[in-house]
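**Student:** Next up is a structure, given as structure tokens.
The values are calculated or read from the model by the stated rules, or taken from the named source; none is laboratory data. Every value quoted in this text rests on a predicted model; they were computed, and no experiment measured them. Here the Cβ positions follow ideal geometry from the backbone for every residue, glycine too, while neighbour counts run over all protein chains shown.
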Amino acid sequence: MIVVTGATGNVGRSLVRILVADGERVSATSRGISAADVPEGVSHRRADLTDAETLRPVLDGADALFLQNGGADAHLLDPGHILDVAKAGGVERVVLLSSQGVATRPESASHGGLGRVLEDAVRQSGLDWVILRPGGFASNAFAWAESVRTRRAVAAPFGDVGLPVIDPEDIAGVAAATLREPDHPGKTYELTGPALSTPRQRAQDLGEALGEPVRFVEQRPDEARAQMLRFMPGPVVDTTLSILGEPTPAEQRVSPDAERILGRAPRPFAEWARRHVAAFR
């Protein structure tokens, strides 16, 4: 059995669907999961990664674990305890959803420091392990949904700075492969999309998916910062703006890892936009 944590998120939800379609026995978990969040007949149970004891009934009898990185609550995790519970339940392999920032922003507590703690715990767990380090998610564009619906406009800073954003569906595809196939333990994979994509280009892609223009509005960095502070801590905002405005060469590099594992090129943002166009209508 494969346990998927964060099963209601952008990656976890797709991962559950992929694994079930491939005939795997899956148990899906998150804080607020319900039957509506999983394919019919899939086992699901509420659990909280910040309280590892809630994972015991979920992990009992499992042989593989997809562990998401805790998101905003990463600082509250006890990764050693989580992994001990996993081993007690029978887990032999763990696939960790980490972040590119562990390598590119090691000095940042929000993007690199906490991620390094999680990665180190996984490497030292005694389990077979795989670490996935995606860059920016295509699904971050959901933040533009309201402005696109109401004004057919996207406002963002650094409109012409490109990053190789990745479709969460492709992250899920890589995760599914690394959970099942024998060739991946001990590997760390950097996951990106197939090409650099700028905010201005992504607005154009959304317009093409909708069949009508979406106007791009260049924000000043201070405007973007004030907006982001409404839902993100200050240090996270500052590091995020630095990545968006002054990415390192490593953050702009297109990695071959996703294509190698998927057996096809990862999907461009335009394809993500077409699949999710209903959110922007």
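**Student:** Considering every residue within the stretch 204-220, establish whether at least one is at pLDDT 95 or above, among the basic types (Lys, Arg) and more than 23 Å from VAL148 (Cβ to Cβ).
**Tutor:** Checked against the condition, which is being at pLDDT 95 or above, among the basic types (Lys, Arg) and more than 23 Å from VAL148 (Cβ to Cβ), the stretch 204-220 yields no hits at all.
**Student:** Yes or no: the stretch 152-161 includes at least one residue that is free of Cβ contacts under 8 Å to residues at least 60 places away in the same chain, in contact with a Gly (Cβ under 7 Å, 6 or more places away or on another chain) and crowded, with 19+ Cβ neighbours inside 10 Å.
**Tutor:** The answer is no; no qualifying residue exists.
**Student:** Does the stretch 166-177 contain at least one residue that is surrounded by 14 or more Cβ atoms within 10 Å (Cβ to Cβ), modelled with pLDDT of 95 or more, over 30 Å from VAL91 (Cβ atoms) and out of contact with any helix residue (DSSP H, G or I) (no Cβ under 6 Å at 6 or more places or on another chain)?
**Tutor:** Among the residues of the stretch 166-177, not one is surrounded by 14 or more Cβ atoms within 10 Å (Cβ to Cβ), modelled with pLDDT of 95 or more, over 30 Å from VAL91 (Cβ atoms) and out of contact with any helix residue (DSSP H, G or I) (no Cβ under 6 Å at 6 or more places or on another chain), which makes the answer no.
**Student:** Right, ARG230: in contact with an Asp or Glu (Cβ under 6 Å, 6 or more places away or on another chain) and part of a loop (DSSP other than H, G, I, E, B) or not?
**Tutor:** no
**Student:** List the strands (runs of 3 or more DSSP E) inside the stretch 1-83, counting only whole elements, that have at least 3 residues being among the acidic types (Asp, Glu) and within 23 Å of ASP120 (Cβ to Cβ).
**Tutor:** Correct list: empty, since no element meets the threshold.
**Student:** Okay, moving on. Mind counting the residues in the stretch 241-257 that are crowded, with 17+ Cβ neighbours inside 10 Å and over 18 Å from ASP170 (Cβ atoms)?
**Tutor:** Result for the stretch 241-257: 4.
**Student:** Sticking with this structure for a sec: Only one residue in ASP73, ASP78, ASP84 is at pLDDT 95 or above and either touching a Ser or Thr at 6+ places or on another chain (Cβ under 9 Å) or crowded, with 16+ Cβ neighbours inside 10 Å (or both), so which one is that?
**Tutor:** Only one candidate passes the filter, namely ASP84.
**Student:** Scan (1) touching a helix residue (DSSP H, G or I) at 6+ places or on another chain (Cβ under 8 Å); (2) free of Cβ contacts under 8 Å to residues at least 12 places away in the same chain; (3) more than 26 Å from LEU114 (Cα to Cα) for the single condition ARG264 breaks and write down its number.
**Tutor:** (1)
**Student:** Which one of the conditions (1) within 12 Å of GLY159 (Cα to Cα); (2) surrounded by 14 or more Cβ atoms within 10 Å (Cβ to Cβ) does ARG220 fail to meet, given that it meets all the rest?
**Tutor:** (2)
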